[in-house]
Amino acid sequence: MDAKAKSHPFPHFWEQMFGSGRAVLSLRDSYRRDLREVKQITDFKYVRFHAILHDEIGVYDEDSHGHPIYNFSYVDQIYDGSLANGVKPFVELSFMPQKLAAHNTLHSFWYKPNISPPKDWGKWDGLIAAFVKHLIDRYGIDEIAQWYFEVWNEPNLDFWAGEPKQASYWELYDHTARAIKSVNPRLQVGGPATAQAAWVDSFIQHCTENKVPMDFVSTHVYGNDRASDVFGTDEDIPRDKMVCRAVSKVHNQIAASSMPNLPLIWSEFNASYKNETEVTDSTYMGPWLADTIRQCDGLVSMMSYWTFSDVFEEQGVVKTPFYGGYGLIAAGGIPKPAYNAFKLLHMLGEKRIALDSDSALLTRREDGTLVLAVWNYAPPEQTGLPRTVDFHFKNAKPRGATIWLLDHEHGDFHSAYQEIGSPRYPTKKQTQELRRSAELPAPETRRLKNDELTLTLPTQSLALIELK
């Protein structure tokens with residue numbers, strides 16, 4: 001490892017934004033506690049959630065003559081709470097208020113969002129304009145100009161009932177983007193917010209040809225998405241390669257378009273879109289996340305991990321604390337290994353130093369400290385083996401190394417949970433014990449000899465090393 005090797009800026013694109021459970025859940029104390037916890041370890045700037053226009057928020061109604069009635073009371077409480085904790089909204093405009101819907105078409109999620117197009121485009125335009133005008137009146141244009149407005153969620157899947165899907169989504173986007181810009185041109189709007197890295201090239205072409213406002217593009221992919229859905233091929237793309245293969249595809253589409261400098265915001269990603277305990281609840285997430293960061297560096301403006309918390313109800317009320325939820329923090333405020341992975345990777349520096357390795361990242365902080373992340377990846381379905389790594393440092397004279405380790409014995413609640421019988425409803429005392437067991441222990445300190453360090457990494461582990 002050559003400390004004087006070529007380097008480049010390394011903005012922490014993976015921790016600027018997180019997804020969360022739907023809008024109304026942000027009013028809960030447990031949601032806000034988890035938000036503060038994740039803010040503390042990542043200093044994330046934006047949060048994205050579904051359903052700010054769902055009827056449970058009470059935004060839209062009509063009187064007996066069919067005239068719109070707006071109510072932004074819950075909207076204010078939701079956004080006030082986020083801003084009070086230092087996090088700005090990344091506003092996903094969804095779903096359709098019942099009285100504005102052309103059809104009563106409900107998604108299968110537990111909270112049954114309406115995914116219909118509007119019955120009246122004029123009323124939809126009026127709602128969007130009134131919504132953003134209210135935000136400007138409350139928070140000021142200088143604040144709202146820093147937010148992002150994303151039109152809908154995954155319209156290429158079953159979250160959008162317009163037909164044909166793409167053409168009807170273009171109509172939704174065109175109306176929404178123009179309504180937003182009619183209030184103030186400084187507001188940032190984009191899409192298509194698709195699943196499976198879809199439609200971006202067509203979306204850019206549509207907007208440019210029809211002179212529709214577009215300030216960024218957004219899309220999603222998950223590590224277990226299929227190559228046939230993302231690339232139209234029969235490849236077997238492994239879980240640790242899928243996300244950044246998809247990011248690279250879209251990055252190249254933007255570069256080849258008529259708007260090659262459009263920001264790419266990856267507004268959902270994770271290792272799985274399913275509830276897989278051996279994935280999102282496990283130490284697997286440490287090496288998976290670190291390697292995803294390594295591969296995606298330079299290809300994307302921001303990536304939003306789905307989600308920061310298991311205060312989440314798409315499949316219904318949480319039935320057990322550890323069920324393979326997407327969040328960094330489980331029910332009861334218990335941090336998972338993924339939480340500790342983000343905590344460690346936040347410690348990386350602001351410059352990335354060139355390194356010929358597919359299992360390590362070498363960085364430098366502004367104060368000159370070298371910070372190294374190294375991992376031992378194994379797929380979740382494999383046991384894997386320990387791996388011993390020898391580090392040789394060139395053009396640096398670190399006297400010592402401070403080493404944090406995330407593995408099955410460090411920063412993982414599983415052993416403690418099994419010891420207390422894996423209860424479905426842990427008591428308050430048990431919950432406190434689980435929180436303690438999930439904490440990363442104090443780092444190990446080692447003196448270096450001859451600018452060398454040897455480290456043995458257990459399977460599915462992540463180490464963070466400070467060199468001074």
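Please return the ranges of strands (runs of 3 or more DSSP E) entirely within region 28-116 where 1 or more residues are free of Cβ contacts under 8 Å to residues at least 40 places away in the same chain.
On the way: elements: 46-49, 60-62, 68-70, 88-93.
In region 28-116, 60-62, 68-70 are the strands (runs of 3 or more DSSP E) which contain 1 or more residues that are free of Cβ contacts under 8 Å to residues at least 40 places away in the same chain.
Determine whether region 329-340 contains at least one residue that is part of a strand (DSSP E or B) and of a type in the set (Val, Ile, Thr). Let's see the steps before the verdict.
Initially, region 329-340 is screened for residues part of a strand (DSSP E or B), giving 329-330, 334-335.
Applying the additional criterion that residues be of a type in the set (Val, Ile, Thr) yields 329, 334.
Looking through region 329-340, at least one residue is part of a strand (DSSP E or B) and of a type in the set (Val, Ile, Thr).
Would you point out which residue out of PHE203, PHE216 is assigned by TED's automatic domain parsing to the domain that holds PRO118, within 30 Å of GLY140 (Cβ to Cβ) and buried (at least 16 other Cβ atoms within 10 Å of the Cβ)?
Numbers: PHE203 fails: within 30 Å of GLY140 (Cβ to Cβ).
It is PHE216.
Going by the conditions given, is LYS249 under 30 Å from GLN315 (Cα atoms) and either basic (Lys, Arg) or in contact (Cβ under 8 Å) with a residue 40 or more places away in the chain (or both)?
Working: under 30 Å from GLN315 (Cα atoms): no; either basic (Lys, Arg) or in contact (Cβ under 8 Å) with a residue 40 or more places away in the chain (or both): yes.
Taking the combined requirement at face value, the residue does not satisfy it.
Being over 24 Å from PRO335 (Cα atoms) and touching a residue at least 60 places away in the same chain (Cβ under 8 Å): is that true of HIS392 here? Quick ask: steps written out before the conclusion?
Details: over 24 Å from PRO335 (Cα atoms): yes; touching a residue at least 60 places away in the same chain (Cβ under 8 Å): yes.
Yes, satisfied.
What are the pairs with Cβ atoms under 6 angstrom where one residue, in region 431-443, is closer than 17 Å to THR402 by Cα and the other, located anywhere, is part of a helix (DSSP H, G or I)? Sequence gap at least six, or different chains.
Listed pairs, sorted by first residue: LEU440/ASN340.
Out of all the residues in region 313-325, is one or more under 15 Å from the mean Cα position of the chain (by Cα) and within 19 Å of GLY223 (Cβ to Cβ)? Write out each step before concluding.
Taking region 313-325 as the starting set, the residues that turn out to be under 15 Å from the mean Cα position of the chain (by Cα) are 325.
If we keep only those that are within 19 Å of GLY223 (Cβ to Cβ) as well, we get 325.
Scanning region 313-325 turns up at least one residue that is under 15 Å from the mean Cα position of the chain (by Cα) and within 19 Å of GLY223 (Cβ to Cβ).
What number of residues within region 96-112 are in contact with a helix residue (DSSP H, G or I) (Cβ under 9 Å, 6 or more places away or on another chain) and within 25 Å of TYR46 (Cβ to Cβ)? Steps first, please.
Of region 96-112, the ones in contact with a helix residue (DSSP H, G or I) (Cβ under 9 Å, 6 or more places away or on another chain) are 96-100, 104, 111.
Cutting the leftovers down to within 25 Å of TYR46 (Cβ to Cβ) gives us 96-97, 111.
Result for region 96-112: 3.
Within region 139-156, can one find any residue that is surrounded by 15 or more Cβ atoms within 10 Å (Cβ to Cβ), among the aromatic types (Phe, Trp, Tyr) and over 21 Å from LYS181 (Cα atoms)?
Checked region 139-156: no residue is surrounded by 15 or more Cβ atoms within 10 Å (Cβ to Cβ), among the aromatic types (Phe, Trp, Tyr) and over 21 Å from LYS181 (Cα atoms).
In region 398-413, which residues are more than 12 Å from ALA338 (Cα to Cα) and hydrophobic (A, V, I, L, M, F, W, C)?
Matches in region 398-413: ALA401, ILE403, TRP404, LEU405.
What tally of residues in region 287-309 results from selecting those that are within 29 Å of ASP29 (Cβ to Cβ) and either assigned to a helix (DSSP H, G or I) or at pLDDT below 95 (or both)?
Step one: filter region 287-309 for residues within 29 Å of ASP29 (Cβ to Cβ), giving 289, 302-309.
Then drop every residue that is not either assigned to a helix (DSSP H, G or I) or at pLDDT below 95 (or both), which leaves 289.
Of the residues in that region, 1 qualify.
Quick test for you: out of VAL247, VAL183, VAL212, VAL189, pick the one residue that is hydrophobic (A, V, I, L, M, F, W, C) and within 30 Å of GLN382 (Cβ to Cβ). Step through it out loud before you land on a result.
Working: VAL183 fails: within 30 Å of GLN382 (Cβ to Cβ); VAL212 fails: within 30 Å of GLN382 (Cβ to Cβ); VAL189 fails: within 30 Å of GLN382 (Cβ to Cβ).
Step by step, each of VAL247, VAL183, VAL212, VAL189 is checked, and only VAL247 is hydrophobic (A, V, I, L, M, F, W, C) and within 30 Å of GLN382 (Cβ to Cβ).
Determine the pairs where a residue that is touching a residue at least 12 places away in the same chain (Cβ under 8 Å) and at positive phi, located within region 196-219, has a partner that is crowded, with 16+ Cβ neighbours inside 10 Å and hydroxyl-bearing (Ser, Thr, Tyr) with Cβ atoms under 7 Å apart, the partner being 6 or more residues away or on another chain.
Every condition considered, the pairs that remain are ALA197/THR219.
For region 405-413, check the following and say yes or no: at least one residue is farther than 15 Å from GLY286 by Cα and among the hydrophobic types (A, V, I, L, M, F, W, C). Spell out how you get there, then give the answer.
In the first step, residues of region 405-413 are kept if they are farther than 15 Å from GLY286 by Cα; the result is none.
No, there is no match, as no residue in region 405-413 is farther than 15 Å from GLY286 by Cα and among the hydrophobic types (A, V, I, L, M, F, W, C).
Quick one: in region 166-181, which of the residues that are surrounded by fewer than 22 Cβ atoms within 10 Å (Cβ to Cβ) and polar (S, T, N, Q) is nearest to the chain's Cα centre (by Cα)?
Across region 166-181, the extreme among qualifying residues is GLN166.
Give region 419-462 a look and list any residue that's exposed (fewer than 10 other Cβ atoms within 10 Å of the Cβ) and part of a loop (DSSP other than H, G, I, E, B), or say none.
Hits for region 419-462 are GLY421, ARG424, ALA442, ASN450.
Of everything in region 94-123 that's surrounded by fewer than 22 Cβ atoms within 10 Å (Cβ to Cβ) and among the aliphatic types (A, V, I, L, M), which residue is nearest to ILE136 (Cα to Cα)?
Step by step, filter region 94-123, then rank; the result is ALA101.
Condition first: touching a residue at least 60 places away in the same chain (Cβ under 8 Å), surrounded by fewer than 22 Cβ atoms within 10 Å (Cβ to Cβ) and either of a type in the set (Ser, Thr, Tyr) or touching a strand residue (DSSP E or B) at 6+ places or on another chain (Cβ under 7 Å) (or both). Now tell me which residues in region 265-292 satisfy that.
Residues satisfying the conditions do not exist here.
Would you point out which residue out of GLY316, GLY325 is free of Cβ contacts under 8 Å to residues at least 60 places away in the same chain and touching a Phe, Trp or Tyr at 6+ places or on another chain (Cβ under 9 Å)? Show your work before the answer.
Values: GLY316 fails: free of Cβ contacts under 8 Å to residues at least 60 places away in the same chain.
Exactly one of GLY316, GLY325 is free of Cβ contacts under 8 Å to residues at least 60 places away in the same chain and touching a Phe, Trp or Tyr at 6+ places or on another chain (Cβ under 9 Å), namely GLY325.
The values are calculated or read from the model by the stated rules, or taken from the named source; none is laboratory data. Since this is a predicted model, take the numbers as computed values, not measurements. For neighbour counting, all protein chains shown are included, and Cβ atoms are generated from backbone atoms with ideal geometry for every residue, glycine included.
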